[in-house]
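Below is one structure, written out as structure tokens; comments come after it.
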Amino acid sequence: MTVREALQRATRPSTTRSIAALWAKSLLNAVLFFAIFMVALPALAHHLLPIELPLPRSPRVWLSGALALAGITAWIACLDTFSRHGRGTPLPADAPRQLVTTGLFRRIRNPIMAAELLVIWAIALYLASLGAVLYAVAMSIGAHAAVVYIEEPELRKRFGPSYEAYCRSVPRWLPSLEHKR
């Protein structure tokens, strides 16, 4: 069984009815995800390859702070949208029951992953080491591959024509400047 098949088997719509419980599950996911992918692994990459990049400290600290704040804010907004409108969480085993196309999902199809990548890039910029930047590059490539080869086929299977229409009208990663209703 491939990784894709295993994840597709593990993905099932949430049966949780309470928005508060969905939020609690999402926050547990956040703590675990952030601890592993945004603290432990970037720190390990920085430790393994600590070659310092020649970036001025003050601008990189301010820019990394702005990226982290934007990423965390977007991520929280997306959790709220998943809980209230999708009636699920980002966890594959507790996936939204409904296709989420509101909030930031009106602008890009993957705002949760984009928000997480913003935070990862913020950390890489703050640490300014070759290891942290290579980690951010690897996570960006991995996120794109996961979306294209795992998430999108699973969503096509679950939501059919409505997901296809959504894909035609909303870009995957970079928001359109056109106003969407």
**Prompt:** Quick one: what pairs do we get from region 90-102, first residue over 19 Å from C167 (Cβ atoms) and in a helix (DSSP H, G or I), second modelled with pLDDT under 90 and hydroxyl-bearing (S, T, Y), C-beta under 7 Å, 6+ apart or different chains?
**Reply:** P92/T11; D94/S14; D94/T16
**Complete:** Filter region 68-122 for residues that are of a type in the set (F, W, Y) and closer than 15 Å to F33 by Cβ; the one that is surrounded by the most Cβ atoms within 10 Å (Cβ to Cβ) is F82
**Prompt:** Does region 39-59 contain any residue that is of a type in the set (V, I, T), at pLDDT 90 or above, in a helix (DSSP H, G or I) and more than 13 Å from the chain's Cα centre (by Cα)?
**Reply:** no
**Item:** Enumeration of residues in region 80-138 that are of a type in the set (D, E) and over 21 Å from E154 (Cα atoms)
**Value:** D80
**Asked** Pick from A165, A124: which is out of contact with any Cys (no Cβ under 6 Å at 6 or more places or on another chain) and within 28 Å of A40 (Cβ to Cβ)?
**Response** A124
**Request:** Output yes when any residue across region 161-176 is farther than 19 Å from T81 by Cβ, of a type in the set (A, V, I, L, M, F, W, C) and assigned to a helix (DSSP H, G or I), and no when none is.
**Result:** no
**Request:** Could you figure out which of (1) free of Cβ contacts under 8 Å to residues at least 60 places away in the same chain; (2) under 27 Å from A21 (Cβ atoms); (3) touching a Ser or Thr at 6+ places or on another chain (Cβ under 8 Å); (4) part of a helix (DSSP H, G or I) isn't true of A122?
**Result:** (2)
**Failed item, numbered, when S14 is tested on (1) in contact with an Asp or Glu (Cβ under 8 Å, 6 or more places away or on another chain); (2) modelled with pLDDT of 90 or more** = (2)
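The values are calculated or read from the model by the stated rules, or taken from the named source; none is laboratory data. From a predicted model like this one, the values you see are computed outputs, not experimental measurements. Cβ sites come from the backbone with ideal geometry, for glycine too, and all protein chains shown count toward neighbours.
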